[in-house]
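Just so it is clear, none of the values below were taken in a lab; they were calculated from the coordinates. From a predicted model like this one, the values you see are computed outputs, not experimental measurements. Every residue, glycine among them, receives a Cβ derived from its backbone with ideal geometry; neighbour counts consider all protein chains shown.
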Amino acid sequence: MNTYQEVESAKNLLEENGYQVYNLWCIDDVKHKWKCTDKEAMNVLIGALQNDATMEQIWFAIDVHAESDGLIEKTEEEMNNQYK
């Protein structure tokens, strides 16, 4: 299996388990613009994607899109009891 097929297979497995895989980030996205090693590029991605502002924006966008799609927000009690 070549690398492309391995990546597609991994994406399929993740998608089957509920993960969003339409816009994954890769070290090549960093290395396209910056001179760095693979490890340095991965550290940049981790830092950027775990950044508090990035996470806040994602949660905000999830709320905006859920509301515009007419979804009903769970109560605190529903959220607390969903994994019991």
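Of all lysines in the structure, the ones whose alpha carbon falls short of 27 Å from that of Lys11, not counting any fewer than 8 places away in one chain, are Lys31, Lys33, Lys39. In this structure, Thr75 and Met55 have a Cβ-Cβ separation that, at R0 = 22 Å, corresponds to a calculated FRET efficiency of about 0.45.
Only alpha carbons enter this Debye calculation for the chain, each as an equal point scatterer, and the log10 of I(q)/I(0) it gives at q = 0.10, 0.19, 0.26 Å⁻¹ is -0.43, -1.11, -1.23.
Straight-line cross-link reach from Lys84 at under 15 Å between alpha-carbon atoms covers these aspartates and glutamates, not counting any fewer than eight positions away in the same chain: Glu76. Judged by the gyration tensor of its Cα atoms, with axes a ≥ b ≥ c, the stretch 24-71 is prolate; a/c meets the 1.5 cut and a/b is the larger of a/b and b/c. Computed on the chain, with alpha-carbon pairs under 8 angstrom and 6+ residues apart, the relative contact order is 13 percent.
One chain, two ends: Asp38 and Trp25. Fully extended at 0.36 nm per residue, the span grows by 3.4 nm beyond their Cα-Cα distance.
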